[in-house]
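Encoded as structure tokens, the structure appears first; notes follow it.
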Amino acid sequence: AQFAYVQVYLLIGAAILTCGVLSGVFMVLRRRADSLLFWFSTFAGIYGLHLILEYQLLWWLGFQPEPFRRIVVALELLIPLPAFFFFRELDLLGRAGRVLTSIISPLAVCLALATLAAGPEFRIVNHAFLTIVLLVFVIALVRSKSGSESGRVLRPSLLVFIAFALYDHITGIVGHFYRHLEPFGFLILIVCLGIVAGRRTLAGEQKLRLIQQELQIAQRIQLSILPTTKPNSKCFRVAARYLPMTTVAGDFYDFILPDDRHAGILVADVSGHGIPAALIASMVKLAATAHASNAERPAELLHGMNLSLCGNTEDQFVTAAYVYLNADSDTLRYSAAAHPAMFVLRHGEVIRIAENGLMLGLFPFATYTEIAHPLMLGDRLLLYTDGILEATDVNGQEFGGDRLADLLKETGGMDHIKTADLVVERVRQWSGSQTDDLTVLICDYKFGYGESSACA
């Protein structure tokens, strides 16, 4: 009967130790620091280990080495340390618990060291100390104002655990040890912790589901602000490729199409990622629409957009490039706000066109200039966001402007749609994984369509 009694406690200790180890492994696998999991893992680990050592079978066979007994008693004294921190993370002890933790923790460490030095004869003092600690637990628990659902579930089980532990330590002081009840109280506590963890998991899944639904709605809204049709005039053919890094993104592009012989193309990139960047991208759309009357004057268009965005983007900013194409005069007018240069493929050579001012949304005093450049039949224009240039391979090397220019030279015999696909494909092959939003715009000026009379 005595052997079966010992086996029960060994089984309980193994179960508690396993819970602690699994909690620690789960925290490591998540690759994210979680103080609640850390302190529970430490609490359960020390408690389970202490219980296994206290009831290990060699003791019951008469083998009780002195150093081993000291370690068992010292571990018992250390159990309150992670316990205090764990229940403090659950907000079950209130402000008083936080103060008491800073007082009791060094005392527990000192008594554990004294036990290791003086031996288990120190145990009655230890029982008295742990009794005081448990009473402090009760006072802090009763005084705590935490009204959370977790607190309501855990508080009764914690009181049961403390009651069982008090019984064990008080009987240890007076010398009448009837039953070791504390481990059973710990099991009750673990069951209640499982209930709380399950409820939190379900609540987290529900919140995640709601967030996913909201992200899907945000994605549909963001896609709705992008042009639904591409310019398909007699003079200009445009292909656009837009690949957000996350569900929603900060890249944006738009077209201003007065008629077949004139077109404006805007590309913008909001700093940051996710929902904040997507919200600002929608503001960029409104700002561009509000100043569409300046479509023929790129510098004035960007200046007006900057004034509209200033004071409304928090600490984020927008880079942008805008080109206006005029088939009547065979010219393009270009202006940009801290944006990568536009590329023009002409007769197998790449021309880089840059005319930059300050980024949009930060400086209301910013001014912008524009450059006029001849536009020739067969020209291919490439506008993009910096995610294209900054895509890095496994060695950390960026795709870069030179590589992009060489790639553009390869597309001389392709149409605009295949060219846009090729650029995106090469960049994704280069980087392996996408680390930024990718946007590519290809515009051909009467390239390969046999309509020279229409735009001559």
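The values are calculated or read from the model by the stated rules, or taken from the named source; none is laboratory data. Here the structure is a predicted model, which means the values were calculated and not measured. Neighbour counts run over all protein chains shown; Cβ positions are idealised from the backbone, glycine included. The accessibility values were calculated without ligands, DNA or RNA, using every heavy atom of the protein model including side chains. Shrake-Rupley method; radii C 1.70, N 1.55, O 1.52, S 1.80 Å.
Brief remarks follow.
- Cα-based Rg and Dmax for the range 397-450, where Dmax is the largest Cα-Cα distance (Å): 12.2, 41
- Mean separation of Cα pairs under 8 Å and 6 or more residues apart, divided by the residue count, gives the range 184-278 a relative contact order of 22 percent.
- At most 10 other Cβ within 10 Å, DSSP loop - chymotrypsin sites (Phe, Trp or Tyr not before Pro), the range 338-401: PHE365
- For the range 226-275, the fraction of 1.4 Å probe accessible surface lying on carbon and sulfur atoms is 53 percent.
- Within the chain, helix-based [θ] at 222 nm, where runs of 4 or more DSSP H residues each add -39,500 (n - 2.57), nearest 500: -18500 deg cm²/dmol
- Accessible surface of the range 305-391, 1.4 Å probe, proportion on carbon and sulfur as whole %: 55 percent
- Prolate/oblate/rounded label for the range 231-330 (Cα gyration tensor, a/c 1.5): oblate
- Peptides 250-259, 271-280 ordered by average Cβ neighbours within 10 Å, highest first: 250-259, 271-280
- Accessible solvent surface per residue of the chain, calculated while the other protein chains remain in place, 1.4 angstrom probe, Å²: 48 Å²
- Peptide ranges 155-161, 309-315 listed from the most packed, as the mean C-beta count within 10 angstrom indicates: 155-161, 309-315
- Principal semi-axes in Å for the chain [√(5λ), Cα gyration tensor, largest first]: 73, 22, 18
- Extended-chain gain in nm, criterion 0.36 nm per residue less alpha-carbon gap, ALA292 and SER329: 11.3 nm
- Sequence ranges 102-110, 411-419, ranked by mean other-Cβ count within 10 angstrom, highest first: 411-419, 102-110
- Stretching SER105 away from ARG209 to a fully extended chain increases their span by 33.3 nm, per 0.36 nm per residue minus the current alpha-carbon distance.
- Centroid-to-centroid separation of the range 274-291 and the range 187-214 [C-alpha atoms, Å]: 36 Å
- Taking all Cα pairs closer than 8 Å and separated by 6 or more residues, the relative contact order of the chain comes to 11 percent.
- Only Cα pairs under 8 Å and 6+ residues apart enter the sum, and on that basis the relative contact order of the range 346-406 stands at 25 percent.
- Cα gyration tensor shape of the range 302-456, rounded if a/c is under 1.5, else prolate or oblate by comparing a/b with b/c: oblate
- Straight-distance crosslink candidates among lysines, where the alpha carbon sits under 27 Å from LYS446 and sequence neighbours closer than 8 are dropped: LYS230, LYS234, LYS409, LYS418
- Of the DSSP H helices in the chain, those whose Cα atoms cover at least 20 Å axially and whose Kyte score averages 1.0 or more: 2-30, 35-54, 94-118, 123-143, 274-290
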